[in-house]
Amino acid sequence: MSHDLTPLGVVLFSIASAISGELINWILVYRTSSYRALKENLSRHAKKLEEAKSSGSGSKNIKKLEARLDTWKTEASARVAGINMRTGLITVAVVMLSFRLVSQLFGDAPAATLPFHPPPFLQKLTHRGLTDADPRQCSAMFIFILCQGSIKVLVTKLLALGPGREWVIIKPNTLMGLSDKK
């Protein structure tokens, strides 16, 4: 690959990595019946609460509905924490594999030249895997790291994968199924 096209190749590889990671998440998590049931249950509960609030059918009914929703949220938060853990582990595995592939595909040749001297605390990151003494040279790994986070978020939003905004009302308060209530 030409020195001029290496950064573009790294960005395209980052896009492919993000798409493949989301595809694996979709196959192993988002397509499952338990995830779909949880999502449908969530939207149903949210609609009931919204209808009760908009109809103004008495504060007693709204309080009962909110109490039921609160009970359901605590039960659902453990399931959401499990889903988040699964997707997190899949994402970590895909990113680790991608790091390895970036090193193998793009090697130890400089991918680009920075227009400035990076600060000393960034030189290890920008110069990672390079044998050249010029600190302005940056590796493909540096470009990949810069792209990976933002591209993954964009791919997730564009493909409409993941939990979405409706999960905001759950806000899991558990870590691995352990409640943080005292």
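The values are calculated or read from the model by the stated rules, or taken from the named source; none is laboratory data. All of these numbers come straight from a predicted model, not from anything done at the bench. A quick note on method: Cβ atoms are made from the backbone with ideal geometry, for glycine too, and the neighbour counts reach across all protein chains shown.
Quick notes on this one:
- Pick from region 1-24, criterion of a type in the set (Ser, Thr, Tyr) and modelled with pLDDT of 90 or more, ranking: nearest to Met141 (Cα to Cα): Ser14
- Any chance Asp70 is surrounded by fewer than 17 Cβ atoms within 10 Å (Cβ to Cβ) and out of contact with any Pro (no Cβ under 8 Å at 6 or more places or on another chain): yes
- Selected residue [at pLDDT 80 or above, at negative phi and of a type outside the set (Gly, Ala, Ser)] from Asn41, Asn61: Asn41
- Among residues of region 93-118 being under 27 Å from the mean Cα position of the chain (by Cα) and of a type in the set (Phe, Trp, Tyr), the one that is modelled with the lowest pLDDT is Phe106.
- Residue in region 5-20 that is in a helix (DSSP H, G or I), of a type in the set (S, T, N, Q) and touching a Phe, Trp or Tyr at 6+ places or on another chain (Cβ under 6 Å) present: yes
- Of all the residues in region 43-55, those that are buried (at least 16 other Cβ atoms within 10 Å of the Cβ) and under 16 Å from Ala160 (Cβ atoms) number 0.
- Residue in region 23-34 that is more than 30 Å from Ser150 (Cβ to Cβ) and either part of a helix (DSSP H, G or I) or of a type in the set (S, T, N, Q) (or both) present: yes
- Residue within region 84-94 that is of a type in the set (Ser, Thr, Tyr), farther than 19 Å from Lys157 by Cβ and in contact (Cβ under 8 Å) with a residue 24 or more places away in the chain present: no
- Ile90 at pLDDT below 90, crowded, with 16+ Cβ neighbours inside 10 Å and under 19 Å from Ala160 (Cβ atoms): no
- Extreme residue, nearest to the chain's Cα centre (by Cα), among residues of region 119-139 that are assigned to a loop (DSSP other than H, G, I, E, B) and among the hydrophobic types (A, V, I, L, M, F, W, C): Leu130
- First in region 26-45 and under 15 Å from Ser77 (Cβ atoms), second anywhere and part of a helix (DSSP H, G or I) and among the small types (Gly, Ala, Ser), Cβ under 9 Å, 6 or more apart: Leu38/Ala76; Asn41/Ala76; Leu42/Ala76; His45/Ala76
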